[in-house]
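See below for the structure under consideration.
The values are calculated or read from the model by the stated rules, or taken from the named source; none is laboratory data. Note that the coordinates shown come from a computational prediction; the quantities given were computed from them, not determined experimentally. When we count neighbours, we look across all protein chains shown, and the Cβ atoms used for this are built from the backbone with ideal geometry, even at glycine.
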Amino acid sequence: MEQVLLLLTTGENGSIGKAEREAVTATRNLVCALGGSVWTVGLIGGTISPAAEQLAGCGAAGFVGVEGKEFAVSRYASDAAAAEALCRAIGAGLVLAPGSSRLMRALGGVAQRLGARIDTHVVGLRVQDGAIQADRWYYRQRIEATLTRAHRPWILALDPGSFPPWDGAPGTASVKRVPLELGPEAQRTDVVGLQAVDTGEQTIRPEAELLFVAGAGWTKKQPDGKTHVEEAAHLILEFVRKTKASLGSSKSLVDLAGEGQAVLPFLTHLHQVGQTGATPRHPKGLATCCHGEEPHVVGWRFIGERRAINLDANCGWARGKADVLYVADAFEVLRAALRLLEGNEHR
Ligand SMILES: Cc1cc2nc3c(=O)[nH]c(=O)nc-3n(C[C@H](O)[C@H](O)[C@H](O)COP(=O)(O)OP(=O)(O)OC[C@H]3O[C@@H](n4cnc5c(N)ncnc54)[C@H](O)[C@@H]3O)c2cc1C
């Protein structure tokens, strides 16, 4: 029988977010597959009761927590101390946690202190012949591996976006507080606030239903022999705003800035999808004016349904990389789509 602990950190108002609720689903399913194991939720934060109430019906045997204003912020020393205290209080053999930036910073140190082993970027969990199998990708999503370990404690950090978020009803729950005095050495780092990269309007939306990818074709000469970069910028931004899609780009398009060519000013390297860019997770994706070359398409590994618009019926997307390819002019398609979206707004 495994003694399972799910470690979660709470946000400003003491509640938990989507990545944390995904980890709840993963833990519930794993414990169910293990049969006979018990699991406990361990909460770390400035306030933790709202999170326990949110998760009242999740099926955990109980809630433990480290609470206090010194645990409200993301700081290695205090988070690692709190996570270690919770693991020891439970005598946890298996520790699951969302791979949030906050916990990813602390968990390596926790593993070292506990004499544990840790695996990160876990995207799948199964039980086979009584042994836990954890899936993850290596080499920029090209090699999928399945890991299992006899060593305990074993810490597993789960990649956000890999499990459906748990959304059961809230209720009442009591949390057993684990006392933890932090010495001054654990509070030397003062967290003064969060600073996000300033990319103008926020167009990268990890939670979006749709990934909208813009390729270099938007800046190329069109059938009338001219470029139409301003209109391209307007169509892309309006479409992304109206559909609340997340904006991605091909490498060629974001690289154009460095080459001094006409570019779309709202695109940065953070938008780049592909082998040397991001591998976002969205249920649907639409590529426009993008050729669909392999180094770009490897970034689409976790996109559920793939569609592309390209003038070229022989582009990369046509070769088994898209579910649907519209052989069409993306300018025309987007103009028509925006007319429809505006029509819907006025109804
Ligand atoms: C080591 C390495 C790593 C790389 N990593 C990445 C990566 O991470 N991400 C990435 O994206 N690329 C990456 N690349 C580059 C990749 O191979 C391609 O060069 C790049 O993806 C091409 O970008 P694109 O499709 O936007 O541009 P292009 O190849 O120029 O394609 C433009 C497309 O737009 C279409 N088009 C033009 N006008 C219209 C219109 N009006 N309507 C519809 N379609 C139109 C054209 O038919 C064409 O297919 C990498 C390459 C290497 C060698």
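Applying the condition of being assigned to a loop (DSSP other than H, G, I, E, B) and under 19 Å from I143 (Cα atoms) to the range 294-314 and asking which residue is nearest to the ligand (Cβ to nearest atom) yields R301. Strands (runs of 3 or more DSSP E) fully within the range 108-162 that include at least 1 residues being closer than 21 Å to T25 by Cβ and among the aromatic types (F, W, Y): 131-138, 154-158. In this structure, is A322 surrounded by 13 or more Cβ atoms within 10 Å (Cβ to Cβ) and not in a strand (DSSP E or B)? Yes: the conditions hold for A322.
When A33, A56 are checked against the criterion of being in a helix (DSSP H, G or I) and small (G, A, S), A33 stands alone in meeting it. All of (1) free of Cβ contacts under 8 Å to residues at least 40 places away in the same chain; (2) closer than 19 Å to D329 by Cβ; (3) within 8 Å of the ligand (Cβ to nearest atom) hold for A233 with one exception: (3).
Restricting the range 215-241 to residues that are of a type in the set (D, E, K, R) and in a helix (DSSP H, G or I) leaves a set whose member that is surrounded by the fewest Cβ atoms within 10 Å (Cβ to Cβ) is E230. The numbered conditions (1) small (G, A, S); (2) on the phi < 0 side of the Ramachandran plot; (3) surrounded by fewer than 17 Cβ atoms within 10 Å (Cβ to Cβ) are all true for G35 except (2). Just one of the numbered conditions (1) exposed (fewer than 14 other Cβ atoms within 10 Å of the Cβ); (2) farther than 25 Å from V191 by Cβ is not true of V123: (1). From the list H291, H282, H271, the lone residue that is within 21 Å of the chain's Cα centre (by Cα), within 11 Å of the ligand (Cβ to nearest atom) and not assigned by TED's automatic domain parsing to the domain that holds R142 is H271. Within the range 87-102, the presence of a residue that is buried (at least 18 other Cβ atoms within 10 Å of the Cβ), hydrophobic (A, V, I, L, M, F, W, C) and free of Cβ contacts under 8 Å to residues at least 60 places away in the same chain is excluded.
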